[in-house]
Amino acid sequence: MQSLRSAVLRQIRVPVGPSCRFLSAAAQLDKAEVIDRILSVVKSFPKADPSKVTPSSHFQSDLGLDSLDNVEIVMAIEEEFALEIPDAEADKLDSCSAAIDYIAAHPMAK
Amino acid sequence: MTRVASPPVSAESLLLPMAPQHRLSGLQRQILSLYRSFLRVARTKPPDVRSRIEKYVGAQFRHDAAAVDKKDFQQIEYLVRRATKQLESLRNGSITGFQVVDGK
């Protein structure tokens, strides 16, 4: 059994290259990419003025949005990164920077 | 291979309370959570139904927020109960959307 196993394993080659993603380890997204995608989600929010959106914008005090808009933006971010953010965390995401930090540290963000 | 499904919690976020002007009351939190639940249910519906639900629910929440005195807890709690029931019927799929009937 052991020799069969090693014989089989000798034949198998796992390609390692740029196309290979190690999902268990460095699965987190690149921070620059996260910033880009979050800013574009916020900019495409109908009530936000795209020219005012920067990585440090606060949704309510800088962009003039209300708390319901805030919920909508966080939901749009969920869809962009294919994850679900629990209520307790979602309530804290009140600015671009908070959202960027949360997503950049999230292991399941795609 | 182990995957960590729970979101990361930074030690910093546990130590620093949110700025006082952004701290929400329990009732506000409950209402935002209700709104979030409506949007989540809407996602499970076909695109046209989804956008109709989103428009209606958004307009209704904003209308009630402006129309109801923020100290009128009895009225607010009534609206929360009513919305929770509507949410349940949307979840059950027995209702696929809202139709606004002005029966005055």
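Do any residues of the range A:40-82 lose at least 40 Å² of accessible area when the full set of protein chains is present rather than just their chain alone, and if so which, with a 1.4 Å probe?
Listed in order, they are A:Leu68, A:Val71, A:Glu72, A:Met75, A:Glu79.
I want the local charge near A:Asp62. Using Cβ-Cβ distances under 11 Å, sum +1 for each Lys or Arg and -1 for each Asp or Glu among the other residues.
Once all neighbours under 11 Å are counted, the net charge is -1.
Just need the relative contact order of chain A here, percent rounded to a whole number, with Cα pairs under 8 Å and 6+ apart.
Result for chain A is 32 percent.
GNM, chain A, Cα, under 10 Å: largest mean-square fluctuation among A:Val14, A:Val74, A:Val41?
Maximum among the listed residues: A:Val14.
Could you give the spread of the C-alpha atoms of the range B:25-91 along their three principal axes, from largest to smallest, in whole angstroms?
38, 19, 18
What's the FRET efficiency of A:Ala88 with A:Leu9 using the Cβ-Cβ distance as r and R₀ = 35 Å, to the nearest 0.05?
Step by step, r from the Cβ atoms, then E = 0.15.
Carbon and sulfur together cover what percent of the accessible area of the range B:25-91 at a 1.4 Å probe radius?
Ligands and nucleic acids excluded, carbon and sulfur give 55 percent.
Rank B:Ser33, B:Ser25 by accessible area, highest first, at a 1.4 Å probe radius?
If we order B:Ser33, B:Ser25 from most to least accessible, we get B:Ser25, B:Ser33.
With an 8 Å cut-off on Cα pairs and a minimum separation of 6 or more residues, tell me the relative contact order of the range B:25-91 in percent.
37 percent
Threshold 40 Å², probe 1.4 Å: give the residues of the range B:30-56, in number order, that are less accessible with all protein chains present than with their chain alone.
B:Leu32, B:Tyr35, B:Arg36, B:Leu39, B:Arg40, B:Arg43
Per residue, how many Å² of accessible area does the range B:25-91 show with a 1.4 Å probe?
61 Å²
Where q = 0.11, 0.15 Å⁻¹, what log10 of I(q)/I(0) comes from the Debye formula for chain A, counting one point per Cα?
Log-scaled intensity ratios, in q order: -0.44, -0.65.
Summed for both chains, how many Å² of accessible area, to the nearest 100, are buried between A and B with a 1.4 Å probe?
2300 Å²
Report, in whole Å, the centroid distance computed from the Cα atoms of the range B:20-49 and the range A:32-101.
Using only Cα atoms, the two centres lie 15 Å from each other.
The values are calculated or read from the model by the stated rules, or taken from the named source; none is laboratory data. Treat the numbers as computed from the prediction; the structure is a model and nothing was measured. No Cβ is skipped: glycine too gets one built from the backbone with ideal geometry, and neighbour counts run over all protein chains shown. Quick note on the areas: whole protein, heavy atoms, side chains included, nothing else; ligands and nucleic acids left out. Shrake-Rupley method; radii C 1.70, N 1.55, O 1.52, S 1.80 Å.
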